[in-house]
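Reviewing the structure listed below.
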C-alpha cells in the first residue's frame, strides 16, 4: 500500500509545482526521496512494474547539477525489488544528468525526458535500453500516481 502521507505531499506539489528558484539540495533530496519511495511502494503492488523489473539489471544514476556541485541518487531493480539511495550506485548501467531544476521537472512529469534530451537539458550516458526501460517504468508509475491523486 502506498503511504497516504506521501500521496498528500505529491498532491501538494502537483497543485503548486516547485519553482526552479526554490530547488536547493534539501528540496531536491525531499522530492527525490518522496518520488522514489512512492515508486518503490507501487512496484510492490503493480504486476506491470514487477514484470519490467524481472527483465532488467537496471541501476540508474541520477545526477542533479547545482552551481556548487553535483548531487547523486541511484535507483535499481535487483531481484525484482526496487531500491534507491543517495550517492553513487553500484554497477550503474546508465546515468542521467541535468540541472537540478530540470531533473525535478522531468521526474515530476512536467518535462518530458525525450524533449529535455533533444534540447540538451538532459544527458544520458550508458545503456540506452535501460534508460528507455526506466522511462517505461516511470510512465506506468505516473499513471498509477495520477489515479491515486484523483
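The single condition among (1) modelled with pLDDT of 90 or more; (2) over 20 Å from residue 85 (Cβ atoms); (3) surrounded by 11 or more Cβ atoms within 10 Å (Cβ to Cβ) that residue 5 does not meet is (3).
Every listed requirement among (1) assigned to a helix (DSSP H, G or I); (2) farther than 17 Å from residue 28 by Cβ is met by residue 124 save one, (1).
Let me confirm something: among 71, 60, which residue is in contact (Cβ under 8 Å) with a residue 60 or more places away in the chain, touching a strand residue (DSSP E or B) at 6+ places or on another chain (Cβ under 6 Å) and either more than 26 Å from residue 25 (Cβ to Cβ) or not in a helix (DSSP H, G or I) (or both)? I'd like the intermediate steps shown before the answer.
Values: 71 fails: in contact (Cβ under 8 Å) with a residue 60 or more places away in the chain.
The match here is 60.
Would it be correct to say that residue 89 is in a loop (DSSP other than H, G, I, E, B), without any contact (Cβ under 8 Å) to a residue 40 or more places away in the chain and surrounded by 12 or more Cβ atoms within 10 Å (Cβ to Cβ)? In short, yes. Evaluated against (1) touching a residue at least 40 places away in the same chain (Cβ under 8 Å); (2) under 27 Å from residue 17 (Cα atoms); (3) surrounded by fewer than 20 Cβ atoms within 10 Å (Cβ to Cβ), residue 52 falls short on exactly one condition, (2). For the residues 96, 71, 132, 118, the requirement of being buried (at least 18 other Cβ atoms within 10 Å of the Cβ) and either out of contact with any helix residue (DSSP H, G or I) (no Cβ under 9 Å at 6 or more places or on another chain) or farther than 20 Å from residue 19 by Cβ (or both) singles out 96.
The values are calculated or read from the model by the stated rules, or taken from the named source; none is laboratory data. Just so you know, these numbers come straight off a predicted model, no measurement behind them. Cβ: placed from backbone, ideal geometry, glycine included. Neighbour counts: every protein chain shown.
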